Amino acid sequence: MIVFWICTVVLLAVSALFIIYPLLKPSNVDEAAQRDDLNKAFFKDRLNELESEDSAGIIEDKDELVTDLKQSLLDDIPNADKNAAAGHQKVKWMAIPMVLFMVVLTYGMYMLFGAHDQVSHWEKVQHSLPELTQKLMDPKGAELTDQQMNDLTLAMRTRLQTRPDDGTGWVLLGRIALSNRDVETAVGALTKADKLLPNNSDIQLSLAQALMFSSEQADVEKSGRILNQLLKQPDVDPRVYSLMAFNAYENGQFAQAIQYWRELQAKIGKDDSRYAMLERSIQTAQREMGATAQQQNAAQQVQHEGTPVSVTISLSPEATMPKTGVLIVSIHSADGSPMPIAAARYPLSKFPVTVVLDDSNSMMKQRKLSSLSDIMVRARIDTDGDVSTRDHDWHGESLPVHLGDDVVLSLDKQY
């Protein structure tokens with residue numbers, strides 16, 4: 001900061017010279033001589049005019065007029081010198097207030113808009129980097145506050161600006177950002193560290209953890225690849241199993257999560273305090289897995305009410321997927337009767353899509369879908385929400401098939 005203030009003083013001094021020097025330096029131009037030459041030129045011009053007027057008989061007392069003209073020329077010289085000297089003295093005294101105004105304006109604008117407090121804090125944080133780092137590394141010390149963590153991040157960023165090849169510094173910055181939930185900074189810093197210190201399993205594990213919390217699917221997939229590589233090492237870090245289990249649990253892969261937790265239990269042993277915590281996690285995953293199985297069984301029971309009909313629907317390349325609308329699927333008797341036996345509405349999604357209709361979709365209880373032997377299926381995209389209007393709707397229908405056979409149709413016609 002001292003260097004900054006010295007530079008500002010030097011710049012102000014240079015700027016002041018541009019103001020003071022022209023005001024105080026005597027002019028090299030002989031203004032008195034120029035003024036005398038100008039007066040003489042006026043005098044000669046006026047004298048020639050008097051000669052012409054006297055020759056023309058316009059004036060009578062030529063000598064008196066010439067005398068007056070000479071007197072006016074003599075009177076102008078001392079007055080002009082006196083005024084010039086007084087004006088030059090006034091200009092010299094203007095230099096002092098102008099320099100003071102420039103100094104006050106410069107430092108005043110800096111105090112208002114120069115973020116002086118932030119710069120001072122930044123300077124203070126740079127000097128406190130060793131102290132903050134020591135507190136962070138001390139396992140028995142008190143935890144750093146949020147402000148101290150932010151200060152440590154700022155100090156590390158500043159240090160890495162001047163030492164971009166410091167791999168250890170990038171690792172520390174990445175882990176600090178990860179603890180602050182700053183995923184973007186953590187991924188960037190740990191990726192840089194991985195390039196500077198390749199094949200370091202500890203850095204790769206931290207990078208995988210940061211990528212796992214990213215909102216980008218590509219980052220999550222990269223995290224999985226890194227963890228799979230770490231699993232192939234002879235001596236696997238227990239944290240690898242923990243991260244793999246967490247990732248599997250978050251993706252609903254409960255059986256795989258349980259497997260990783262079991263492997264972690266075997267690695268740390270029953271005497272470890274984490275063993276009981278892992279057991280509780282396993283029990284939670286088992287409950288989630290059981291609930292999911294019950295939901296699937298219930299869905300299968302509902303699905304198999306009567307004779308189900310599976311319909312796979314694709315959209316013709318000539319058709320355009322509307323932004324809004326619903327997919328209406330109806331099952332008719334094989335003779336093509338316009339009155340459907342069963343029907344269902346589905347939200348629009350990516351094509352091809354497969355839906356299943358059964359007796360629960362029948363239009364009338366007295367005539368269920370399972371009462372038919374042969375059927376045909378029709379489908380269309382309803383864009384306005386009114387089933388009675390069909391203008392510009394894409395539709396298609398299947399050939400007659402036996403009840404229970406899978407049906408495939410394409411939406412290749414437009415009303």
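The values are calculated or read from the model by the stated rules, or taken from the named source; none is laboratory data. Predicted model only: the values in this text are computed from it and were never measured. Every residue, glycine among them, receives a Cβ derived from its backbone with ideal geometry; neighbour counts consider all protein chains shown.
For the reader, a short list of remarks on this structure follows.
- Across the range 340-374, the qualifying residues are those that are touching a Gly at 6+ places or on another chain (Cβ under 9 Å) and of a type in the set (A, V, I, L, M, F, W, C), and the one among them that is modelled with the highest pLDDT is 369.
- Check on residue 95, part of a helix (DSSP H, G or I) and either assigned by TED's automatic domain parsing to the domain that holds residue 175 or modelled with pLDDT under 75 (or both): yes
- When residues in the range 205-221 are screened for being within 22 Å of residue 172 (Cβ to Cβ) and in a helix (DSSP H, G or I), 9 of them pass.
- Members of the range 161-170 found to be farther than 15 Å from residue 200 by Cβ and either within 24 Å of the chain's Cα centre (by Cα) or in a helix (DSSP H, G or I) (or both), listed by number: 161, 162, 164
- Single residue of 71, 89 found to be closer than 30 Å to residue 38 by Cβ, assigned to a helix (DSSP H, G or I) and modelled with pLDDT under 65: 89
- Residue 391 meets all of the listed conditions (1) in a helix (DSSP H, G or I); (2) farther than 20 Å from residue 334 by Cα but one, namely (1).
- Residue 368 of a type in the set (Lys, Arg) and in contact (Cβ under 8 Å) with a residue 24 or more places away in the chain: yes
- Taking the criterion of being crowded, with 17+ Cβ neighbours inside 10 Å and either among the acidic types (Asp, Glu) or at pLDDT below 85 (or both), no residue of the range 225-235 qualifies.
- Looking across the range 375-403, the residues that are within 12 Å of residue 309 (Cα to Cα) and surrounded by 14 or more Cβ atoms within 10 Å (Cβ to Cβ) come down to 375, 376, 377, 401, 403.
- Qualifying residue in the range 23-43 (condition: part of a helix (DSSP H, G or I), under 60 Å from the mean Cα position of the chain (by Cα) and at pLDDT below 80): yes
- Residues in the range 323-374 that are surrounded by 16 or more Cβ atoms within 10 Å (Cβ to Cβ), part of a strand (DSSP E or B), in contact with an Asp or Glu (Cβ under 9 Å, 6 or more places away or on another chain) and not aliphatic (A, V, I, L, M): 332, 333.
- Which listed residue, of 173, 178, is over 17 Å from residue 220 (Cα atoms), out of contact with any strand residue (DSSP E or B) (no Cβ under 8 Å at 6 or more places or on another chain), in a helix (DSSP H, G or I) and of a type outside the set (Val, Ile, Thr): 173
- Pair list, Cβ < 7 Å and 6+ apart or interchain, from the range 151-176 residues that are touching a residue at least 40 places away in the same chain (Cβ under 8 Å) and within 25 Å of residue 212 (Cα to Cα) to residues that are among the polar types (S, T, N, Q) and in a helix (DSSP H, G or I): 176/153
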